[in-house]
Ligand SMILES: [Fe+2]
């Protein structure tokens, strides 16, 4: 029994070493196209500089693992915890979030040296068998870094969109595809009932995905695919942004203050729409899912379309029989694509765009944050934010599942956020 247990722990640790190595390498790859200047600038308080993402994900391993679990560990630089702590009150003081773009120093090469230093220390630590609680933290650190890989891309897109030259972050992979747009979406019916939702302790999940519990869901319909750019243009043309009756009060105020007349990054040129993408400024793909809309815009669109947003429990119930695959970051397309005609039933549930739900990001019954600093990871953000489901075209493969609850404030637009319509029965 003891031998088997040791073997199992060893297997898990070996798997985590592989995950750690792969995740850390992927982040380095994301940084390759960037100059120090690209990696230093901050385009808005919500978006962080690439350099900060590179360092903060490293600080997470240093602070949560090496400092606490390696007795003779010496931090790389005593100032870095102040610079690269994000929001952990229990860890200490930190640089205000809106000042991250002032970090012209350390240089980008110093941040890469920091990554190298921490990676070497982590590798040494992982040579010896580690207790489960340490393995849990390594796993959390890897998934944390994957979250930042997505933010790295959404933040660099926002930064480059502010540059009049509209640079491409990287030539986007465009393989010839058989993708043909469907003429229109259809609605699928679901019976609902008393259903099990939430993560059930098999494989990794963030604390906010549990505990698994039961919810009563009324019968409902869910669209076969997300709303497309073509459909969104019809909403714009019909005065969707000018009709207060379609909007929540806070949403209307946000739309007026922000002067919203289309999704973020759209621009009309000569009668057609173009959009900023990670591949530069390009014509809008009309049959691809709309992205970069806030919850407020998604909600107004749904009302205009005679539908509504799904709850997160409707979404999770519907996604249960859908394979977790799609246009994720690993396809290196890095923009939403039209639905293929090979699939039947629900399409694009995973990848392409995060789908806004009408559910507030709130604790599930019996939710308890973890003890210690990592308890600040999700729980303290459970006010004023809405849940998005399904991942996007810049979500790392292996980082998304049907129970995954992403969350953003209702006016956030710089993520790859779209929507799928639902209806009552
Ligand atoms: Fe973080």
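Please treat every number below as a calculation from the coordinates, not as lab data. Computed from a predicted model, the values in this text were never measured in an experiment. Backbone-built Cβ (ideal geometry, glycine too); neighbour counts: all protein chains shown.
See the values below:
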quantity: Segment residue 330-residue 11, extension gain: residue separation times 0.36 nm, minus the distance between their alpha carbons; calculated: 112.3 nm
quantity: Principal axis dimensions, the chain - Cα atoms, whole angstrom, descending; calculated: 65, 54, 43
quantity: Sites residue 256 and residue 166, calculated FRET efficiency, Cβ-Cβ separation with R0 30 Å, nearest 0.05; calculated: 0.65
quantity: Unit Cα scatterers, Debye sum, the range 53-156: log10 I(q)/I(0) for q = 0.10, 0.20, 0.21, 0.24 Å⁻¹; calculated: -0.28, -1.14, -1.25, -1.57
quantity: Packing-based exposure ordering (other Cβ within 10 Å, fewest first) of 423, 347, 242; calculated: 242, 423, 347
quantity: Neighbour-count ranking [beta-carbon atoms within 10 angstrom, fewest first] of 72, 191; calculated: 72, 191
quantity: With Cα atoms, 0 to 90° folded angle of helix 108-125 axis to the chain main axis; calculated: 60 degrees
quantity: Most fluctuating residue given options 26, 35, 395, as computed from a GNM of the chain linking Cα atoms under 10 Å; calculated: 35
quantity: Distance histogram for the range 160-304 (every C-alpha pair counted, 5 angstrom bins, percent rounded to whole numbers); calculated: 2, 7, 13, 14, 15, 15, 14, 12, 7, 2, 0
quantity: The chain: calculated mean residue ellipticity at 222 nm from DSSP helix runs of at least 4, using -39500 (n - 2.57); calculated: -10500 deg cm²/dmol
quantity: Segments 143-150, 199-206 sorted - mean Cβ within 10 Å per residue, highest first; calculated: 143-150, 199-206
quantity: Computed FRET value (nearest 0.05) for residue 90 with residue 237, which takes r as the C-beta separation and R₀ as 60 Å; calculated: 0.70
quantity: Point-to-point label distance, residue 97-residue 74, nm (Cα→Cβ direction, 7 Å offset); calculated: 3.5 nm
quantity: Added length on full extension, which subtracts the Cα-Cα distance from 0.36 nm per residue, residue 44 to residue 67; calculated: 5.1 nm
quantity: Where a label projected 7 Å from the Cα of residue 25 along Cα→Cβ would reach, residues of the range 103-135 with amide N under 20 Å; calculated: 112-127
quantity: Of 258, 391, 280, the one that fluctuates the most in a GNM where the chain has Cα springs shorter than 10 Å; calculated: 258
quantity: Crossing angle, helix 295-304 versus the chain [Cα axis fit, 0-90 degrees, rounded to tens]; calculated: 20 degrees
quantity: Protection-proxy order for peptides 113-119, 351-357, 54-60, each taking the mean of Cβ atoms within 10 Å per residue, highest first; calculated: 351-357, 54-60, 113-119
quantity: On Cα atoms only, tilt of 50-61 relative to the major axis of the chain in degrees; calculated: 50 degrees
quantity: FRET efficiency for residue 341 and residue 186, using Cβ-Cβ distance with R0 set to 22 Å, rounded to 0.05; calculated: 0.95
quantity: Taking 208, 249, 392 and counting other C-beta atoms within 10 Å, the order from fewest to most; calculated: 249, 208, 392
quantity: Inter-label distance for residue 366 and residue 147, nm, one decimal - labels placed 7 Å from Cα along Cα-to-Cβ; calculated: 2.4 nm
